[in-house]
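Inspection log for the structure reproduced underneath, given as structure tokens.
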Amino acid sequence: MSTPDPITLDAFLGPEGVIARRLPGYEERPEQVELARAIEHALREGRHLFAEAGTGVGKSFAYLLPALLHAVSHRGQGPIIVSTRTIALQEQLERKDLPFLQAVTPMEWTAVSAVGRNHYICHRRMHLAHRERGVVFDDLHREAQLNRVVHWAQSSRDGLRFELPEPVDDEVWEEVKAEHGNCLYKACPHYDDCPYQRSRRRLDSAQIVVVNHALYMADVALRMAGASYLPDHRIAIFDEAHHLERIATESLGLRLTLGSVLWHVKRLHPRRSRRSLLAEYGNPHAMLLLEQVRQAAEAFFALLEARLRGNGTLPLEPDDLVEDPVSELLAELAAEIHRCALGVEKVDLRTELQARARGLTSLHAVFLSLCGPGSVDKVRWIEQEKRGVSLRAAPLDVSEALQKHQFGEPRCNILVSATLGPGGDPGFRWIRDRLGAHERVETLRLGSPFDYRSQVTVTLPVDVPDPSGDPQGFFDACRREIQTRTIRNGGSALVLCTSWNFVRRLADALRGPLAQRGIELLVQGEAPMRDLLRRKREDPSTVLLGTETFWEGIDVPGDALTLVFLTRLPFGQPDHPLTMARQRMIQARGGDAFLEQTLPEAILKFRQGFGRLVRTAGDRGEVVILDPRARTKRYGRDFLAALPEGAVDEHG
Ligand code: SF4
């Protein structure tokens with residue numbers, strides 16, 4: 001009997017491939033085939049691949065195809081994890097690309113999208129909350145919501161919160177969701193039908209598991225602590241991988257807010273309520289301690305706010321102790337609840353009380369870590385956030401942790417992005433050093449299938465003053481240039497700024513003159529991003545104005561976007577404690593913080609901003625770089641040189 005021919009990439013990609021035959025409008029892209037082959041090779045050889053592939057290459061098929069061919073031919077060796085930057089991109093793979101590949105591939109395989117445990121219902125906790133509803137909830141409205149959850153859970157297969165026919169309050173979901181440290185596993189009477197446990201089994205048997213970077217990096221942090229959420233795997237593929245360092249820094253850091261403390265307090269006994277599990281099964285001493293924790297936490301955060309004195313951030317030195325009246329009370333309260341739990345006969349109630357006490361113990365550890373003496377390898381600071389003050393800590397450098405837990409043997413990581421670094425960086429040294437990827441590394445740099453020479457005009461107006469020498473003159477010139485050019489273009493523009501203050505001032509100055517010409521200004525923060533993008537696509541003449549995430553969160557192909565303004569070169573916040581501490585670290589080892597950190601980060605963001613204009617082969621338009629330093633400073637040349645080949649010929 002002859003063995004069937006192995007299924008190869010060529011059968012799928014290329015002009016005669018399955019995808020070309022089944023996907024209307026598919027165009028063969030040599031870069032896509034090259035990327036897919038490089039990934040196939042890296043997976044086969046067990047090596048890491050850092051691959052930069054410009055916009056329009058079709059990266060998702062280029063990594064999904066070799067991934068699933070590899071996973072199918074290595075069944076039983078764990079899934080391949082595919083990680084995207086956002087949940088929206090995760091959903092796009094789940095709803096669009098993977099079902100298409102399911103339909104056109106002849107092999108048997110499954111792909112599962114992983115979401116955090118807290119999105120799943122826990123039947124045991126739900127039944128407990130229902131039985132104790134008179135204790136858990138103080139009002140009929142929430143009791144009614146709980147009844148609806150119980151009714152829905154009887155027929156829901158996946159038990160995911162976002163599948164509820166009608167949303168419920170967070171307070172209700174808190175009582176019924178699956179939780180880390182609050183599961184009886186096989187001892188649970190609902191184990192066999194538990195949606196969360198079923199999802200775990202699906203993850204374990206799938207060939208492809210799709211996650212987002214935040215979930216993946218949270219799992220790395222868990223792995224470092226000896227636990228894990230994602231199934232055992234050897235291979236991970238990261239799309240838009242240039243975000244990994246930032247997301248790893250957040251996941252490996254700590255953040256404490258009054259809200260996070262009150263969340264634990266409220267779970268035990270909501271203020272102004274007469275009923276709660278603690279009131280019913282605790283004792284008066286525990287209730288007193290709980291009130292003391294609440295008051296101490298409020299005083300603690302009020303003191304932090306006073307220390308900030310109206311500033312956005314305040315760095316803390318390693319020997320700077322923060323007065324902490326909370327942690328001892330937390331430890332005492334946790335011990336008291338444990339004692340109360342021991343006297344409770346019903347297992348589910350005892351488990352619930354113990355889980356809440358364990359939550360307090362974890363919070364106690366966070367207080368100790370943030371308030372006690374710091375260490376030279378982490379930076380701590382106080383920060384004014386939208387909803388109050390936070391006390392935070394972050395590792396100065398994540399490369400050592402990632403080298404050990406992500407880039408060491410036998411793991412194999414594929415990192416792809418349109419911008420993996422500042423450009424002109426042979427071997428992707430810059431990002432590899434920051435992620436700790438030193439060995440078994442292959443690299444690939446591919447251009448874009450777009451013809452930037454004919455599709456984009458880059459303009460650098462000559463009469464704009466330097467923003468650092470004449471900020472008001474720079475603002476006035478930006479306003480004038482944007483207004484004139486946008487009206488001449490009939491709108492259809494995107495304006496990228498580097499601060500909220502600049503966005504607000506420009507919005508105030510431009511809204512009237514543009515409205516007089518029938519052009520609507522859509523400003524970041526005035527509506528959710530999703531709504532702004534929908535309105536932009538519905539009315540191509542509108543103008544989008546924003547900062548931060550707009551530099552890479554905007555995907556508007558076609559006539560709705562033909563003019564992009566890059567106002568200021570996007571250097572990061574120089575006075576942020578994490579930025580300053582990382583600069584000091586570079587200087588301490590004799591490096592140049594501007595060249596090693598500030599400039600590459602800014603160029604990477606600049607490349608992303610530039611990439612907003614051309615999203616398809618048919619897109620055409622103009623990018624106006626308003627910051628004169630792109631022309632006048634030596635480093636300005638590095639920004640221009642990092643743009644796609646052919647993009648910069650003429651400077652208007
Ligand atoms: S197995 Fe765990 S998550 Fe599932 S119902 Fe039981 S306790 Fe809840």
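The values are calculated or read from the model by the stated rules, or taken from the named source; none is laboratory data. Nothing here was measured: the structure is a model prediction, and the numbers come from that model. When we count neighbours, we look across all protein chains shown, and the Cβ atoms used for this are built from the backbone with ideal geometry, even at glycine. For accessibility, only protein heavy atoms count, side chains too; no ligands or nucleic acids. Shrake-Rupley method; radii C 1.70, N 1.55, O 1.52, S 1.80 Å.
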So which residues in the range 178-194 are in contact with a strand residue (DSSP E or B) (Cβ under 6 Å, 6 or more places away or on another chain) and more than 8 Å from the ligand (Cβ to nearest atom), if there are any at all? none
What about Gln197, is it assigned to a helix (DSSP H, G or I) and either at pLDDT 95 or above or near the ligand (Cβ under 9 Å from one of its atoms) (or both)? yes
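So that you can scan it fast, the table gives a plain yes or no per residue for (1) within 21 Å of Ser362 (Cα to Cα); (2) of a type outside the set (A, V, I, L, M, F, W, C); (3) in contact (Cβ under 8 Å) with a residue 40 or more places away in the chain:
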position	(1), (2), (3)
Asp192	no, yes, no
Pro195	no, yes, yes
His213	no, yes, yes
Pro231	no, yes, yes
Ile235	no, no, yes
Sort out for me the helices (runs of 4 or more DSSP H) sitting completely within the range 1-93 that have 1 or more residues that are within 16 Å of Leu415 (Cβ to Cβ). 30-45, 59-73, 87-92
It is to be established whether one or more residues within the range 604-627 are farther than 30 Å from Pro315 by Cβ, among the polar types (S, T, N, Q) and part of a loop (DSSP other than H, G, I, E, B). yes
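Kindly evaluate Ala401 against the criterion of being aliphatic (A, V, I, L, M) and more than 30 Å from Ala38 (Cα to Cα). Give the steps one after another, and end with the answer.
Numbers: aliphatic (A, V, I, L, M): yes; more than 30 Å from Ala38 (Cα to Cα): no.
Here the answer is no, as Ala401 does not meet what is asked.
Tell me, which helices (runs of 4 or more DSSP H) lie completely within the range 113-171 with 2 or more residues that are outside the structural domain of Ile87 (by TED's automatic domain parsing) and either within 14 Å of the ligand (Cβ to nearest atom) or without any contact (Cβ under 8 Å) to a residue 24 or more places away in the chain (or both)?
123-131, 140-155
Residues are listed down the side, and each one gets a yes or a no for (1) within 25 Å of Tyr63 (Cβ to Cβ); (2) charged (D, E, K, R):
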position	(1), (2)
Met217	yes, no
Ala227	no, no
Ile247	yes, no
Glu250	yes, yes
Asn283	no, no
Ala296	no, no
Would you check if Arg117 is farther than 30 Å from Val150 by Cβ, of a type outside the set (Val, Ile, Thr) and in contact with a strand residue (DSSP E or B) (Cβ under 9 Å, 6 or more places away or on another chain)? no
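Looking for whichever is at pLDDT below 95, closer than 29 Å to Asn182 by Cα and out of contact with any Asp or Glu (no Cβ under 8 Å at 6 or more places or on another chain) here; the options are Leu353, Leu360. Which one fits? Explain how you work it out, then say what you get.
On the way: Leu360 fails: at pLDDT below 95.
Going through Leu353, Leu360 in turn, the sole match is Leu353.
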Taking the condition more than 31 Å from the chain's Cα centre (by Cα), modelled with pLDDT of 90 or more and small (Gly, Ala, Ser), does Ala279 pass? no
Could you check the range 53-66 and list, in sequence order, the residues that are modelled with pLDDT of 90 or more and open to solvent by 10 Å² or more (accessible area, probe 1.4 Å)? Lys59, Ser60, Phe61
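Could you list, in sequence order, the residues of the range 16-46 that are among the basic types (Lys, Arg) and surrounded by fewer than 19 Cβ atoms within 10 Å (Cβ to Cβ)?
So in the range 16-46, the residues among the basic types (Lys, Arg) come out as 21-22, 29, 37, 44.
Across the range 16-46, the qualifying residues are Arg21, Arg22, Arg37, Arg44.
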Among the residues of the range 489-507, is there at least one that is open to solvent by 40 Å² or more (accessible area, probe 1.4 Å), among the β-branched types (Val, Ile, Thr), assigned to a loop (DSSP other than H, G, I, E, B) and touching a residue at least 40 places away in the same chain (Cβ under 8 Å)? yes
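Select from the range 200-227 the residues that are of a type in the set (Gly, Ala, Ser) and either open to solvent by less than 10 Å² (accessible area, probe 1.4 Å) or away from the ligand (no atom under 16 Å from the Cβ) (or both) and list them in ascending order. Before you say what the answer is, go through the steps one by one.
Step one: filter the range 200-227 for residues of a type in the set (Gly, Ala, Ser), giving 205-206, 214, 218, 221, 225-227.
Hits for the range 200-227 are Ser205, Ala206, Ala214, Ala218, Ala221, Ala225, Gly226.
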Of Glu345, Glu323, Glu328, which residue is without any contact (Cβ under 8 Å) to a residue 12 or more places away in the chain, more than 16 Å from the ligand (Cβ to nearest atom) and part of a loop (DSSP other than H, G, I, E, B)? Glu345
Would you check which residues across the range 522-560 are under 19 Å from the mean Cα position of the chain (by Cα) and hydroxyl-bearing (Ser, Thr, Tyr) and list them? Thr547, Thr549
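Those residues that are under 35 Å from the mean Cα position of the chain (by Cα) and hydrophobic (A, V, I, L, M, F, W, C), I need them from the range 284-298; list them, please. Walk me through how you get there before you give the answer.
Restricting attention to the range 284-298, the residues satisfying the condition of being under 35 Å from the mean Cα position of the chain (by Cα) are 290, 293-298.
Scanning the range 284-298 gives Leu290, Val293, Ala296, Ala297.
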